[in-house]
Amino acid sequence: MPKRYGFLTELQLKVLTLKLKNGLTQEEIAKLLNTTRENIAIIERRAKRNVQLAMETVMYYNRLRAIAEVEVKPGTHLVEIPKLIIDAGDKLNVKLKVNFTKVYDEIKFRARGCVEGVRVVKPFVIAIYRDGEIEIMPKK
């Protein structure tokens, strides 16, 4: 049985390493591994799909861990969002480990496609955890 690295096989990890870390093309990787470029393309595509599945698994696991989710609706101004989170935390008696700047930065980074200017254009959720941490997630 081939060795696995999480959701990736040893070969998938090797192909991704050669491409992402070493900057090799599929053709160069194929020559190095004595196979075809088409085979490398298939391996790479399957590896990327496995990575996507792993990321989705973690997201759903984190959703299960959350004690609350705050839905942020389109039209919401960015300066309103910290109050939504703080109010939810207060109702749960959770001392949040965030401030306005952290919330704003997380939204800009994690919800890029959901915000235009200072307004939300696509809904997203903010998970609140028992330890006071938050996480910005797409709405599913």
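Of the residues E56, E80, E106, only one is outside any strand (DSSP E or B), among the charged types (D, E, K, R) and assigned by TED's automatic domain parsing to the domain that holds L16; which?
Result of the check over E56, E80, E106: E56.
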Only one of I67, I134, I81 that is in contact (Cβ under 8 Å) with a residue 60 or more places away in the chain and either surrounded by fewer than 14 Cβ atoms within 10 Å (Cβ to Cβ) or not basic (K, R) (or both): I67
Pick from the range 109-122, criterion of a type outside the set (D, E, K, R), under 21 Å from K140 (Cβ atoms) and part of a loop (DSSP other than H, G, I, E, B), ranking: modelled with the highest pLDDT: V121
G23 being assigned by TED's automatic domain parsing to the domain that holds G113 and at positive phi: no
Any hit, the range 27-43, residues being free of Cβ contacts under 8 Å to residues at least 40 places away in the same chain, in contact with a Pro (Cβ under 8 Å, 6 or more places away or on another chain) and surrounded by 13 or more Cβ atoms within 10 Å (Cβ to Cβ): no
Close pairs (9 angstrom Cβ cut-off, 6 or more residues apart or separate chains): without any contact (Cβ under 8 Å) to a residue 60 or more places away in the chain and farther than 10 Å from E44 by Cα in the range 1-21, of a type in the set (D, E) and loosely packed, with under 12 Cβ neighbours inside 10 Å anywhere: P2/E10; K3/E10; R4/E10
Qualifying positions in the range 44-61 - surrounded by 14 or more Cβ atoms within 10 Å (Cβ to Cβ) and either in contact with a strand residue (DSSP E or B) (Cβ under 9 Å, 6 or more places away or on another chain) or polar (S, T, N, Q) (or both): R46, A47, N50, V51, M59
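The values are calculated or read from the model by the stated rules, or taken from the named source; none is laboratory data. What you see is a predicted model, and the numbers here were worked out from it, not measured in a lab. Positions of Cβ are backbone-derived with ideal geometry, glycine not excepted, and every protein chain shown enters the neighbour counts.
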